[in-house]
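Engineer: Handing you a structure now.
The values are calculated or read from the model by the stated rules, or taken from the named source; none is laboratory data. None of these values were measured; they are calculated from a predicted model. Backbone-built Cβ (ideal geometry, glycine too); neighbour counts: all protein chains shown.
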Amino acid sequence: MIARAFMILFLCGMTLMLCQYSPAMKGGDEAGVLSELPMVAGDFVGESESPSDKELELLPSDTIIVKREYRTPGRRTEHRDLAHVSLVIAGNDSRSIHRPEVCLDGQGWTVTDSSVREVKLLSGDVLKVRDLAIEREVLLGNGTKLPLHAHYVYWFVGADVSTPSNLERQILSFRDNVLRNVNHRWAYPSVMAYVTDNLTPQQSGERRRNDEDTVKMILSLIRSLAPRFQKDLMTTL
């Protein structure tokens, strides 16, 4: 018991010393991403979208929110792909960045699966992202319910690091604050697309895609997009 008490006192003392003698925080002013999304990314053309009233209500006022709806061009609906891309950049309030599962649940989505996927970029770099399979029901005009499936893919970007894990993001924040004197201004890119194999082109406005095709399409879009706004990937183009 005495040894345990001594160890607790030692750890408390070391913590106080780190707090007292660590240099003042730096960084936090410049994000690791550009505050814009490109108009063209690979085969996709993006049209700007405005943040929703709910996003503006829930997120701190100094949060930067950039959104685009990306479509593949073409007259025929059954050949078209569509994905919604969002980029959230934190301000002074850390509540801007959080686990997206919380918001998805509030929007009526249920997460049915979660996995980490690797996006191999043209530069040879590998970007790790988290893929959430989500579902919910929508009520049609005739009163019937239609199951809606989608994939929501996201990752977190710091000053010079990225991770698909919110826990790792918190660990990196603490580690780099203490050891590198860096205060990350975190950003949170995400891409969402519907699985359309149970929908008609008239219902979805897109071609029919199963889960595998939808994930492949999203990762292809990220492969083109990420080096256009994530700074640590831009230098390797």
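Engineer: So, of the residues in region 79-89 that are more than 19 Å from Val129 (Cα to Cα) and of a type outside the set (Lys, Arg), which turns out to be modelled with the lowest pLDDT?
Structural biologist: Among those that are more than 19 Å from Val129 (Cα to Cα) and of a type outside the set (Lys, Arg), it is His79.
Engineer: Could you list all residues from region 71-85 that are β-branched (Val, Ile, Thr) and either in a strand (DSSP E or B) or out of contact with any helix residue (DSSP H, G or I) (no Cβ under 6 Å at 6 or more places or on another chain) (or both)? Lay out the reasoning, then the answer.
Structural biologist: Taking region 71-85 first, the residues β-branched (Val, Ile, Thr) are 72, 77, 85.
Listed by number, the residues that qualify are Thr72, Val85.
Yes or no, residue by residue, for (1) of a type in the set (S, T, N, Q); (2) in contact with a Leu (Cβ under 8 Å, 6 or more places away or on another chain); (3) free of Cβ contacts under 8 Å to residues at least 12 places away in the same chain:
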position: Leu121; (1), (2), (3): no, yes, no
position: Arg130; (1), (2), (3): no, no, no
position: Val138; (1), (2), (3): no, yes, yes
position: Ala150; (1), (2), (3): no, no, no
position: Ala159; (1), (2), (3): no, no, no
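Engineer: Of the residues in region 137-170, how many are out of contact with any Lys or Arg (no Cβ under 8 Å at 6 or more places or on another chain), among the aliphatic types (A, V, I, L, M) and farther than 20 Å from Val102 by Cα?
Structural biologist: 3
Engineer: Quick one: count up the residues across region 203-237 that are at pLDDT 95 or above and touching a Gly at 6+ places or on another chain (Cβ under 7 Å).
Structural biologist: Selection size over region 203-237: 5.
Engineer: Among Leu199, Leu167, which is without any contact (Cβ under 8 Å) to a residue 60 or more places away in the chain, under 17 Å from Lys128 (Cβ atoms) and out of contact with any strand residue (DSSP E or B) (no Cβ under 7 Å at 6 or more places or on another chain)?
Structural biologist: Within the list Leu199, Leu167, the selection yields Leu167.
Engineer: While we're looking at this one, here's another question. Looking at (1) of a type in the set (Gly, Ala, Ser); (2) more than 25 Å from Asn183 (Cα to Cα); (3) in contact with a Lys or Arg (Cβ under 8 Å, 6 or more places away or on another chain), find the lone condition where Gly124 falls short.
Structural biologist: (3)
Engineer: Counting only residues that are under 24 Å from Asp62 (Cα atoms) and among the charged types (D, E, K, R), how many does region 145-190 have?
Structural biologist: Here the count works out to 4.
Engineer: If you don't mind, there's one more thing I want to ask. Can you tell me which residue among Val153, Val195, Val191 is of a type outside the set (Phe, Trp, Tyr), surrounded by 15 or more Cβ atoms within 10 Å (Cβ to Cβ) and over 14 Å from the mean Cα position of the chain (by Cα)?
Structural biologist: Details: Val153 fails: over 14 Å from the mean Cα position of the chain (by Cα); Val191 fails: over 14 Å from the mean Cα position of the chain (by Cα).
Being of a type outside the set (Phe, Trp, Tyr), surrounded by 15 or more Cβ atoms within 10 Å (Cβ to Cβ) and over 14 Å from the mean Cα position of the chain (by Cα) holds for just one of Val153, Val195, Val191, which is Val195.
Engineer: Moving on to the next point. Please identify the pairs in which a residue from region 43-70 that is in a helix (DSSP H, G or I) has its Cβ atom under 7 Å from the Cβ atom of a residue that is surrounded by 12 or more Cβ atoms within 10 Å (Cβ to Cβ), counting only partners at least 6 apart or on another chain.
Structural biologist: Glu55/Ile65
Engineer: Out of everything in region 86-144 that is among the β-branched types (Val, Ile, Thr) and in contact with a helix residue (DSSP H, G or I) (Cβ under 9 Å, 6 or more places away or on another chain), what residue ends up being nearest to Leu219 (Cα to Cα)?
Structural biologist: This residue is Val119.
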